[in-house]
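First up is the structure itself, then whatever we jot down about it.
Please treat every number below as a calculation from the coordinates, not as lab data. Source: prediction; values computed, not measured. We place every Cβ from the backbone using ideal geometry, glycine too, and count neighbours over all the protein chains shown.
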Amino acid sequence: MRIRTNVAVAVAAVLAAPAVTAAPAADAGARMRAAPVTLGRVNVIEGSEPAMARVRIPEEATFDLRVRPYREEGPNRSVRIEGRGRVVGVALVPPAPVEGGLVDSGRALFSGRYSECAGAGCDPAGKVVNFQQPSVLGRGEGPASGTLAPGDYRLVLIADGEPVRVELVLRGLEGRRRIVPAAPAPVDLKTPAVHVSHLGGPSYFSAGDTFEGGSRGVAFSLLTVRGPVDPVDAAYGMCGFYRSAAQPPDPALYGPQCHALPGAMAVGTWKDAGRFDVFFLQDYGDTGVPPTDLTRGHGVWFASRSPVTAVTAHVFTLVLD
């Protein structure tokens, strides 16, 4: 597994600009075939369910790479988030699949906020961790800005059943836009059951489930561990596999014996002595399996000799066929 510096999110501001809805057509296909909305410097995306819209970046645009993992209003100045839910965020991806995955393509941005709460549309209550790909944690080494090339993109709002607002700031562009995506997005979000042994002492746990199929896409996972975890003693990983059976396997099967698929990366971060978060990204290219025949399994695991008092895991996938 490649370890990368990766984490961030966003949410918040509201603009008094007219809303742009992705075509008032009856079906999702027609909505996505509508003329793309040209993005501006400040873009407010609103909705309550995962949804997509066609958008266009008219010229090269830049965004903030520096991420503050525990900033409640979002990861940085480019992405701010407001609203409830286990995961809230935004993605910009090309209109057609990219061979071999998106992470290293330079044509994608994923940014959002995980909450520690476990129910659909739940109140984060300040217990959040931000993610972003690509990104640089805090004031770490590396460039301060990333670049998105001109062209057409799919804009995806990631929401969890409650109204949210995501403000996306793209430097180099002009104007303000308010976008309400209308085409349903293939986002599958779950909080899987957790298999735990020896909680409160030398601890091990794993969690996972099966998700909507697809030949290409991304899977994001977050583990939040409560307790005085010693990083020297901690081990963690991501599990990924393909299967034809629709029945989810037991969560105990998502442990170290289940290896991550190619294209996986992870980063861990400590908020304080009592909380440890691990963010995982699985970027998968063409599997050669017809999407209708594919069920994908994703999960995470953690082991430590230090005592653990509570564990939360959220996983979501975005199909990009």
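Quick rundown of the values:
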item	result
For the range 106-183: rounded, prolate or oblate by the Cα gyration tensor [a/c cutoff 1.5]	oblate
Sum of side-chain charges, GLU59 neighbourhood, beta-carbon under 14 Å (Lys, Arg +1; Asp, Glu -1)	0
Cβ crowding within 10 Å averaged over residues, with 157-163, 268-274, 203-209 ranked highest first	203-209, 157-163, 268-274
